[in-house]
Amino acid sequence: QLSGNINPCPDLVTTSAITTTGDLYGVRTTCTFTNDVLDLDGPDAAAATYYDPVGANPFLAPYISGVFKDAIAPNYWQSLVDGWNIFNLRSRYCGQTNGRLAYVLNVFTNIFSKICVNYGSPCGLTDVPNADPQALADYMNLRNNPLITGQSTLAFGLAKADRVEAKIFDISGRLVRTLSDRRFPPGEYRLVWDGLDDHGHEVGRGVYFARLRYREGGFTSAKKMMVLK
């Protein structure tokens, strides 16, 4: 109503707080869907997103759709307030919902990872312009666990290049197998464990732990593994 934009799917433009790749999304604004235009209040508030500056009142643009507050001393809290319902956030032109996934992933990766580690898995962004095809978040998953036959797979993602240390420990904390201790570029990777120790001997049945550590970034994750073969 403020902008006079009657487009049923106006563009949602992100700032560098959300992403630096210039991604564009779409917000449904037909019938009873109401999208609020926000105002900045206080010296710490900054715009996070904008509605596209078109319509009957372009001189009032930019129309702020999201307000971001960074965790800066002495106020160590982080916030993002958006003026639209997440249900109405779509890809540009509102034909798909992939944009919603991309936006939420960007928010957790680029805003809230500053105050808590993001363990979410990356996703492929098929219809968001300029989206980074690489992993956007650090994560670790285990597959074929418990290990009954074959191999277990340790899958992980790197947001930035790092030296990756992946090791298997027994329940007493003794090192059993080193799967990796080298540098990887950003992306998604798979390491396999065949149930053997560093000397090529088959381990006994029981509980083990897989630990992943990024030496430079500080990301660490450990998951329990069961060997039943």
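The values are calculated or read from the model by the stated rules, or taken from the named source; none is laboratory data. From a predicted model like this one, the values you see are computed outputs, not experimental measurements. Cβ coordinates were reconstructed from backbone atoms using ideal geometry, including for glycine residues, and neighbour counts include every protein chain displayed. SASA here: full protein model, heavy atoms, side chains in, ligands and nucleic acids out. Shrake-Rupley method; radii C 1.70, N 1.55, O 1.52, S 1.80 Å.
Quick look at the values:
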| item | result |
| --- | --- |
| Test result for residue 80, closer than 30 Å to residue 214 by Cα, surrounded by 14 or more Cβ atoms within 10 Å (Cβ to Cβ) and modelled with pLDDT of 85 or more | yes |
| Residue satisfying all of: in the stretch 180-229; open to solvent by less than 60 Å² (accessible area, probe 1.4 Å), assigned to a loop (DSSP other than H, G, I, E, B) and of a type in the set (Gly, Ala, Ser); farthest from residue 165 (Cα to Cα) among these | 204 |
| Residue check for residue 100: under 21 Å from residue 32 (Cβ atoms), modelled with pLDDT of 85 or more and under 15 Å from the mean Cα position of the chain (by Cα) | yes |
| Residues of the stretch 150-166 satisfying the condition of being in contact with a strand residue (DSSP E or B) (Cβ under 7 Å, 6 or more places away or on another chain) and crowded, with 19+ Cβ neighbours inside 10 Å | 152, 154, 156, 157, 158, 162, 164, 166 |
| Residue in the stretch 63-70 that is crowded, with 17+ Cβ neighbours inside 10 Å, closer than 30 Å to residue 217 by Cβ, touching a Ser or Thr at 6+ places or on another chain (Cβ under 8 Å) and hydroxyl-bearing (Ser, Thr, Tyr) present | no |
| Filter pass, residue 75 being within 30 Å of residue 139 (Cα to Cα) and open to solvent by 20 Å² or more (accessible area, probe 1.4 Å) | yes |
| Long-range neighbours under 9 Å by Cβ, at least six apart or interchain, first residue at positive phi within the stretch 5-33, second modelled with pLDDT of 85 or more and not in a loop (DSSP other than H, G, I, E, B) | 22/13; 22/14 |
| Unmet criterion (only one of (1) more than 25 Å from the chain's Cα centre (by Cα); (2) surrounded by 14 or more Cβ atoms within 10 Å (Cβ to Cβ)) for residue 173 | (2) |
| Residue match in the stretch 107-129 (condition: under 20 Å from residue 215 (Cα atoms), buried (at least 16 other Cβ atoms within 10 Å of the Cβ), among the β-branched types (Val, Ile, Thr) and modelled with pLDDT of 85 or more) | no |
| Qualifying residues in the stretch 176-223 (those that are in contact (Cβ under 8 Å) with a residue 60 or more places away in the chain and touching a strand residue (DSSP E or B) at 6+ places or on another chain (Cβ under 6 Å)) - the one nearest to residue 151 (Cα to Cα) | 210 |
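One line per residue, one yes/no per condition, for (1) part of a loop (DSSP other than H, G, I, E, B); (2) open to solvent by 50 Å² or more (accessible area, probe 1.4 Å); (3) in contact with a Gly (Cβ under 6 Å, 6 or more places away or on another chain):
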{"position": "7", "(1), (2), (3)": "yes, yes, no"}
{"position": "19", "(1), (2), (3)": "yes, no, no"}
{"position": "25", "(1), (2), (3)": "no, no, yes"}
{"position": "30", "(1), (2), (3)": "yes, yes, no"}
{"position": "36", "(1), (2), (3)": "yes, yes, yes"}
{"position": "40", "(1), (2), (3)": "yes, yes, no"}
{"position": "43", "(1), (2), (3)": "yes, yes, no"}
{"position": "46", "(1), (2), (3)": "no, no, no"}
{"position": "59", "(1), (2), (3)": "no, yes, no"}
